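Beneath this line is the structure, given in C-alpha cells, with notes to follow.
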Amino acid sequence: MSSETQQPGTPPNFWGDMPEKEYYASQGVTNTQSYFETPNGKLFTQGFLPLDKKVKATVYMTHGYGSDTGWLFQKICISFANWGYAVFAADLLGHGRSDGIRCYMGSNSIAQDNIRYMWGSSHGDLDKIAATSLSFFKHERLSEPYKGLPAFLFGESMGGLATMLMYFQSEPNMWTGLIFSAPLFVIPEPMKPSKVHLFMYGLLFGLADTWAAMPDNKMVGKAIKDPEKLKIIASNPRRYTGKPRVGTMREIARMCQYIQDNFSKVTAPFLTVHGTADGVACPTSSQLLFEKASSEDKSLKMYEGMYHSLIQGEPDANANLVVKDMRGWIDERVERYGSKKSDD
C-alpha cells in the first residue's frame, strides 16, 4: 500500500500552506482527486480542468520513476489545463498514493510467485503497470464529455516508457497524438544495471527481486539543473528515495530493449523533446524514436545543455521554452485533427 512521511513543519504542498482549492483557483483550474479501482490495485488519480475555457481536447499524463502526479509534476498538468485541455493523471502502481510495493516493477515469474506468497500481491511488471493506468485513462477518454474530442498521451522520463506501452496496448486511432518529455527508451551506460549484480541476485530464485539493492548513481543530481528546484523536488514527501529494486532495474532494461525493437510500430503523430546533457535517459531515446517511427507526422526538439527534467528542473527561461514548444505542437494538432473523431 502507499505510504508517505511528512516531516514536522514541512508545508503540505510545494506552494506552502494555502488550501488546495484556493491555490488551484488562483492558477485558473479546478482539481479533482479520487481513487480508481482496478484488478491490480487502487490508483490515485487527478483531474485538472480549465476554469474559464471550453475544453478542446484531453491529455493523459504519466510521471517518471519515483515521482507522483502531485508536487511539481502537477505544474505541467496545470499548464495544459490553462490552454484549454482537460488533463487526467494517475500515480503509477508502486508510486505516490497508489497501491503497490514502492517503486517495484519486477517481472521475473519465479519472483512473482515468491513475492505473492510473502506480500500478498506484488503489482509488478511494467507492462501490467502501464495497462493499469491505461484502464483509468480509457475510462475518461471514452466518457461522454470527452469521447468526441482529440486525445493525447503524455509521458515524462520512465513515464514515457510506460506511455509507449499504453500506446501499443491501445486500439488503433484511440489517441490523436503522443508527447514525450525526455523519455527513457535508452539507458545511459553509467546508469545501466550491472549484469553481474542481476545475475547474482537471480541465483536467489527471485527472492531478491524486491530488494532495494541496486546502485542509484545519484539520479536526482543528474536530472535537475536548478538548485532551488532541486530543493523543492527533494522535499516531496511521496518521492521514493530508496535504492532501485533489483526487479525494477531488470524490468526497465528489458522494456527499453522491447521499445527499441518496436519503434517502427509507432504510427501516431508525436512530439518528443530531450536535453542534450540528459544523464538519466539517453538523448538517443528521442533521436531513435524520431528516426525509426513510421509516423508521417513526427517532431523532435533537442535542447542544448539541458538536463533530464526539462520542465520541473530547469531554470524558468529554459522550462518556459520547452512548455511553449509543447503548446505550439499540441494546439496545431488539435486544429489539424480536431474534426476527425477517433474510432472508439
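A short reminder: the numbers here are calculations on the coordinates, not readings from a lab. Keep in mind that what you see is a predicted model, and the values were worked out from it rather than measured. We place every Cβ from the backbone using ideal geometry, glycine too, and count neighbours over all the protein chains shown.
Among rounded, prolate and oblate, which fits region 224-344 when a ≥ b ≥ c are the square roots of the eigenvalues of its C-alpha gyration tensor, a/c under 1.5 means rounded, and a/b larger than b/c means prolate? Don't skip to the answer; put the middle values down first.
Details: a/c = 1.87, a/b = 1.27, b/c = 1.47.
Oblate shape, in that a/c is at least 1.5 and b/c is the bigger or equal ratio.
Put simply, the amide H of Gly279, placed in the peptide plane, has neighbours under 5 Å in His308, leaving out anything fewer than 5 places away on its chain. Amide H contacts of Thr62: Phe154, Gly155, Glu156, each under 5 Å away and 5 or more positions distant or on a separate chain (H built 1.01 Å from N in the peptide plane; Pro and chain starts excluded). With θ taken as phi - 60° and the Karplus curve 6.51 cos²θ - 1.76 cosθ + 1.60 applied, the whole-hertz 3J(HN,Hα) list for region 91-97 is 5, 4, 3, x, 10, x, 9 Hz, x standing for glycine and proline. Evaluating 6.51 cos²θ - 1.76 cosθ + 1.60 at θ = phi - 60° for every residue in region 152-159, the Karplus couplings come out as 10, 9, 10, x, 10, 6, 4, x Hz, glycine and proline recorded as x. Cβ-to-Cβ counts within 10 Å put Ser157, Ser294 in ascending order as Ser294, Ser157, the fewest first.
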